[in-house]
Amino acid sequence: AITGAVLLMACTNLANLLLARSTTRQKEIAIRLAVGAARAQIIRQLLIESLLLSMMGAVTGLAFGWAANRVLVAAFLPSDSGDYSLQLAALPDGRLLFFTFAVMLATTMLFGLIPAIRASRPDVTPTLKNEAGAVVGGTHVGLRKALVTLQVTLSLLLLIGAGLFVRTLANLRNLGPGFRAERLVGFNLDPSLNGYSSDRSKVFYNRLTDELRAVPGVTSVGLAAVRILEDNEWDSSMAVEGYTPKPGATPEPYMNSVGPNYFATLGIPVLRGRDFTIQDVESVKRGPDPDDYSPTKIIINESFAKKYFAGRDPIGLHVGFGSDPGTKTPMQIIGVVKDVKYTNLRDEIPVQAFVPFLAGRQVSGMTVYVRSALESKELAGLVRKKVRQLDSNLPIYGMRSTEEQIDLSLRSERLIASLSAAFGFLATVLAVTGLYGVMAYTVSRRTREIGIRMALGAVRGNVLWMVMREVLVLVAAGVLVGIPAAIALTHLIRQLLFGLEPNDPTTIVTATIISAAVALFAGFIPALRASRVEPTSALRYE
């Protein structure tokens with residue numbers, strides 16, 4: 001929609017230029033018609049000229065778009081992001097070429113045909129006479145001003161949209177994940193890829209944790225099975241001691257399997273009870289299968305405690321996996337931690353539960369979090385060295401700071417905010433160009449009229465106000481149409497916003513002031529030029 005609006009504004013500017021050009025070519029076209037040319041021939045010639053403009057625009061747009069897309073893909077989908085679900089190619093393919101060709105023909109017909117038809121209908125006899133004495137503003141003025149009003153409306157819509165998206169991104173950044181993201185680096189390992197069993201993986205992770213803690217500058221190390229803020233989730237139905245769920249409302253908290261010091265490493269306060277210890281990790285119950293573990297301790301977040309233990313102290317109570325009535329609850333709650341985000345910054349904080357990292361049937365891939373006073377790049381090198389010392393064949397992937405992880409989780413919001421802001425700026429430039437072009441053209445066509453007015457006693461202030469009055473009418477018309485349109489259309493993007501309503505008055509008022517101020521400045525330049533016309537020169541104009 002944003003791209004279409006910008007294309008529409010560019011085409012209206014082009015239509016305005018073609019209308020102005022057709023006005024200057026009226027005598028040429030009148031001569032062609034007088035010597036026997038058919039209107040269809042004139043229209044065909046003008047359409048071919050419009051088609052050539054569209055072709056040049058399409059070819060230039062494809063080249064620029066290919067280069068810009070490569071930059072966008074590199075900026076918003078880096079190759080080392082660890083996300084292989086979104087692989088985009090910036091090279092134009094057959095579909096894109098066909099789409100561009102179709103848009104080229106459509107814009108030529110829509111915005112080249114009307115100026116061509118209007119230009120092919122001059123009043124031959126008056127046009128062939130000398131028009132030097134004309135004091136009128138020229139032909140097609142009403143249509144050209146209507147197109148400028150449309151541009152002001154569209155630019156206001158895009159500015160409002162850009163403001164909403166930029167403020168959404170700012171709201172999400174200011175919200176934060178609920179813990180300190182600075183100086184926190186995470187990376188992924190999966191010893192099972194090298195044939196490690198669960199017991200061997202446990203030994204490896206314990207050794208790795210000890211080795212990393214010994215690195216100068218490292219303050220804490222923690223492990224987690226699910227990397228947070230990565231749009232991943234692990235949930236499980238659960239029975240809660242003393243809580244009888246309603247039909248279809250079985251507790252299904254988001255789960256994570258974490259190691260000792262995980263909460264301390266991320267900076268998540270333990271509000272009640274205590275954190276996991278190595279004894280909790282090792283005091284799991286083995287099932288019939290040697291790799292089958294069942295946790296005996298569990299930690300929950302604030303939301304879990306408020307929802308399922310309202311009015312009760314959850315410490316010491318029990319929960320268990322399963323949703324059937326009579327499900328056993330062997331896991332004792334030993335702690336309650338502060339609420340933090342889980343899947344991404346946009347989602348509400350869910351009910352969460354944490355078990356020791358040997359709670360699954362198979363201990364395999366884990367995210368290792370390292371809190372350090374070192375810079376991320378320096379720490380990354382030391383981490384890779386330590387892992388190579390333990391197992392030179394074990395790959396490390398997804399190495400990035402939590403701040404980079406937050407940026408990745410907000411990549412859609414950053415992309416939308418960046419593009420909408422860029423297109424909003426471009427739309428404003430196009431609207432200003434269109435308004436300036438129409439008013440400059442109007443002033444040039446009325447130069448002799450302005451000279452007569454000044455010769456008869458009009459002062460510069462009168463002439464300035466005469467032109468600015470037209471500018472004010474155009475800008476006011478665009479704003480009066482744009483604000484109701486924005487109020488009606490912004491509801492369509494409600495789901496993309498965060499922390500503000502679609503009809504946010506601050507955004508609408510700010511965008512309106514910016515759009516109106518810039519448009520008025522663009523109109524002021526031709527008005528100022530008109531007020532400086534010398535009557536003697538103007539009377540000899542043309």
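The values are calculated or read from the model by the stated rules, or taken from the named source; none is laboratory data. The structure presented is a predicted model; accordingly, all values stated were derived computationally and were not measured. Counting neighbours? That spans all protein chains shown, and the Cβs are built from the backbone with ideal geometry, glycine included. Quick note on the areas: whole protein, heavy atoms, side chains included, nothing else; ligands and nucleic acids left out. Shrake-Rupley method; radii C 1.70, N 1.55, O 1.52, S 1.80 Å.
Residue pairs exceeding 20 angstrom between C-alpha atoms, taken from K307/K341; K306/K338; K202/K386; K338/K386: K338/K386. Were the residues from A455 through I31 laid out at 0.36 nm apart, the gain over their Cα-Cα distance would be 149.1 nm.
Each Lys or Arg adds one and each Asp or Glu subtracts one; over the other residues with Cβ under 10 Å from the Cβ of S220, this totals +2. Qualifying GluC sites (Glu not before Pro) in the range 166-263, where qualification requires a DSSP coil assignment and no more than 13 other C-beta atoms within 10 Å, comprise E182. Here each label is just a point 7 Å from Cα along the line to Cβ, and for L500 and N462 those points are 4.6 nm apart. Overall, the chain carries a charge dipole of about 2320 debye about its Cα centre when +1 sits on the Cβ of Lys and Arg and -1 on the Cβ of Asp and Glu, all other atoms neutral. At 1.4 Å probe size, what's the solvent-accessible area of R453? Round to the nearest 10 Å². Around 110 Å² of this residue is reachable by solvent.
The share of accessible area on the chain that comes from carbon and sulfur is 61 percent, using a 1.4 angstrom probe.
Using heavy atoms of the protein chains and a probe of 1.4 Å, the accessible area assigned to F354 is about 10 Å². For the set D504, D210, the ranking by accessible area, highest first and with no ligand, DNA or RNA atoms included, is D210, D504 under a 1.4 Å probe. Annotation for R200 and N174: the two label points, set 7 Å from Cα along the Cα-Cβ direction, are 5.3 nm apart.
Between S444 and I114, the FRET efficiency from the beta-carbon distance, with R0 = 22 Å, is close to 0.45. Estimate the FRET efficiency between Q41 and I525 by the formula 1/(1 + (r/R0)^6), using the beta-carbon distance for r and 25 Å for R0, to the nearest 0.05. So the FRET efficiency works out to roughly 0.05. Can you give the net charge of the other residues whose Cβ lies under 9 Å from the Cβ of L266, counting K and R as +1 and D and E as -1? Computed value for this residue: +2. Projected onto their three principal axes, the Cα atoms of the chain cover extents of 105, 51, 50 Å, largest first.
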